[in-house]
Amino acid sequence: MDNLVLEPVRQARDFISRHYGIHHPGERLTDLDRKLSQIAQFLGYPQQLDLIKNLLAGQLPTTELQQMVEALTVGETYFSANPMPSTPY
């Protein structure tokens, strides 16, 4: 995908990471692009760019922001770095 097209998505990624702790590595930028498009459509924005502009300007209503954060975190799984011992205490 064209770098110029993905620039707003990069800006949104950096904003989301900085403010909400949700990280999307560079190799997953197209996944974030797809998710933001789906979220924009769900929230009734004519285009993904409208959602991103409101996000970056701090103009997303709280409910939309919460829905966006929930949609971006669904399916995330975290594994412990220290597995549980196999023998009981």
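Coordinate-derived values only; no laboratory data. Everything numeric here is computed off the predicted structure, so don't read it as measured data. We place every Cβ from the backbone using ideal geometry, glycine too, and count neighbours over all the protein chains shown.
Between THR63, GLN11, ILE52, the Cα set farthest toward the positive side of the dipole of segment 1-69 (charges on each charged residue's Cβ, about the Cα centre) is that of THR63. Would you please classify the overall shape of segment 1-46 from the alpha carbon gyration tensor, given that a ≥ b ≥ c denote the square roots of the eigenvalues, rounded means a/c under 1.5, and beyond that prolate means a/b larger than b/c while oblate covers the rest? Verdict is oblate for segment 1-46. A cut-off of 5 Å between modelled amide H atoms, ignoring neighbours fewer than 5 places along the same chain, links LEU60 with no other residue. Full extension of the chain between ALA57 and ARG10 yields a length gain of 15.4 nm, computed as 0.36 nm times the residue separation minus the alpha carbon distance.
The phi-based Karplus calculation (6.51 cos²θ - 1.76 cosθ + 1.60; θ = phi - 60°) puts the 3J(HN,Hα) values of segment 10-27 at 4, 4, 5, 4, 5, 5, 4, 5, 5, 8, 10, x, 9, 9, 10, x, x, 5 Hz, whole numbers, x for Gly and Pro.
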